[in-house]
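I have placed the structure first, in the form of structure tokens, so that the comments after it can refer back to it.
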Amino acid sequence: MEKIKKLQKFDYEKYYADGKASYEKRGQIEEIADKIHERGYSNVFLVGIGGTWAEFYHLKYIFNRYSDLDVYLENAAELNTIGNRKLTKDSIVITSSSSGDTKEIVEATAWMKEKGIEVIAFAKEGSPVAANSTYVINSEAADCEDAYLLFQMLGLRLMYKRGEFPKYEKYIDQLKNLHTNLVRIREEADDKLFDIAQKYYKEPYNIFVGSGILWGEVYLFSMCILEEMQWVRTKSVTSADFFHGTLELVEKGVPVFLLKGEDECRKLDTRVENFAQKFTDKLVVIDTAEYALDGIDDEFRVLVSPMITSALLTERLASHYETFTKHNLKYRRYYRQIEY
């Protein structure tokens, strides 16, 4: 068997250490979830903005799939402006800000604190968001995959306590194997992703399509990575909405990137694939089903698929784009650089 090359610009030691630290927050998260369950609550609000809103999308999908709870995914800036009458002292708010000082999240948690609304924050300890929150889970070092891991521990534990996700213990136990799998998947896909970046980094316009549990990650990559960090012009659209506007922009020479998932929406992805391959010569399909998960049962693949997508896109493909654009992923012109 051909030996897979080691990844460039990837810190194996840090990745495993951060993953271990995230998994070890399991006890703290379960304690918080159990306490929340005992006190009771009427609904759940997931509050984020930009990348955190996108990361929470997959958790909203999971709640919809397994739970009878009323769950609301809110953009913090809109929530600060419009409000939501269903957000009360009987609600539970879950929010996230790895820096702990995202302006919109700070503002939202401040008025929630004044109203006596309990907030669970994945945030930097000692930060403004942490100071405004009832419970704080330090997520300063949690990149996308670890954020998904932490969010799932909390959300699925709440469902488990309600009798809605009885296999919680089995699934979370198996996630001890998560990071080993995601490193191997990176290594298996790296040459393909290198070639994609090399071929498409100069394209003036790109269409990114996804659906279901993967939509948040597709949106995150196209907006937070390609637009914000690489200044690459993109259009992100769900597989469901693709046929109500975006399809008219597909022609020879227009790149269409399709992320195929493994949930009920896969049939929507396949419909896009069948259409796009007829009308563009630049269709790129990335399918999470192509990658094995050792030590994680097939029944849990859908839950892990956003983490696979994050490993492939938000880390590896982003890294290769940076190589060819020669645009540092950390450099911004406006974001956190000027007042606006």
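The values are calculated or read from the model by the stated rules, or taken from the named source; none is laboratory data. For clarity, every value in this text was computed on a predicted model and none was experimentally measured. All Cβ positions, even for glycine, are placed from backbone atoms using ideal geometry, and neighbour counts span all protein chains on display. Note: accessible area is taken over every heavy atom of the protein model, side chains too, but ligands, DNA and RNA are not part of it. Shrake-Rupley method; radii C 1.70, N 1.55, O 1.52, S 1.80 Å.
Quick notes on this structure:
- Top positive-direction residue, dipole computed over region 159-252 with Cβ charges, set Val250, Asn181, Gly210: Asn181
- Relative to its residue count, region 1-118 spans a Cα convex hull of 165 Å³ per residue.
- Among Ala142, Tyr168, Ala131 the positive-end extreme of the charge dipole of region 98-214 (Cβ point charges): Tyr168
- Electrostatic dipole magnitude of region 223-303 [Cβ: Lys, Arg +1; Asp, Glu -1; Cα centre; debye, to 20]: 540
- The calculated pair-distance distribution of region 195-340 uses every alpha carbon pair, bins of 5 angstrom beginning at 0, and gives 2, 10, 19, 21, 19, 14, 9, 4, 1, 0 percent.
- Once Rg and the Kirkwood radius are both taken over the C-alpha atoms of region 116-166, their ratio Rg/Rh works out to 1.04.
- Each pair of Cα atoms in region 74-207 enters the Kirkwood radius, and Stokes-Einstein at 20 °C and 1.002 mPa s then converts it into a translational diffusion coefficient of 122 µm²/s.
- In order along region 88-105, the Karplus-derived 3J(HN,Hα) couplings, from 6.51 cos²θ - 1.76 cosθ + 1.60 at θ = phi - 60°, round to 9, 5, 8, 8, 10, 9, 10, 9, 8, 7, 4, 6, x, 10, 4, 3, 5, 6 Hz, and Gly and Pro are given as x.
- Accessible area of the chain belonging to carbon and sulfur atoms, whole % at 1.4 Å probe: 48
- Around Ala77: net Lys/Arg minus Asp/Glu count, Cβ-Cβ under 11 Å: -3
- Only the Cβ atoms of Lys and Arg (+1) and of Asp and Glu (-1) were treated as charged; on that basis the dipole of region 110-168 about its Cα centre amounts to roughly 340 debye.
- Applied to region 315-330, the Karplus parametrisation 6.51 cos²θ - 1.76 cosθ + 1.60 on θ = phi - 60° returns per-residue 3J(HN,Hα) values of 9, 6, 5, 4, 4, 6, 4, 4, 4, 8, 6, 6, 10, 4, 4, 8 Hz, with x for Gly and Pro.
- Heavy-atom accessible surface of the chain, averaged per residue, reaches 46 Å², computed with a 1.4 Å probe.
- Projecting the Cα atoms of Ile105, His37, Tyr334 onto the charge dipole of the chain, computed from C-beta unit charges around the Cα centre, puts Tyr334 farthest toward the positive end.
- Relative contact order (%) - criterion: Cα under 8 Å, at least six apart; region: the chain: 17
- Treating each Cα of the chain as one equal point scatterer and applying the Debye formula with no solvent, the log10 of I(q)/I(0) at q = 0.07, 0.09, 0.13 Å⁻¹ comes out as -0.29, -0.48, -1.03.
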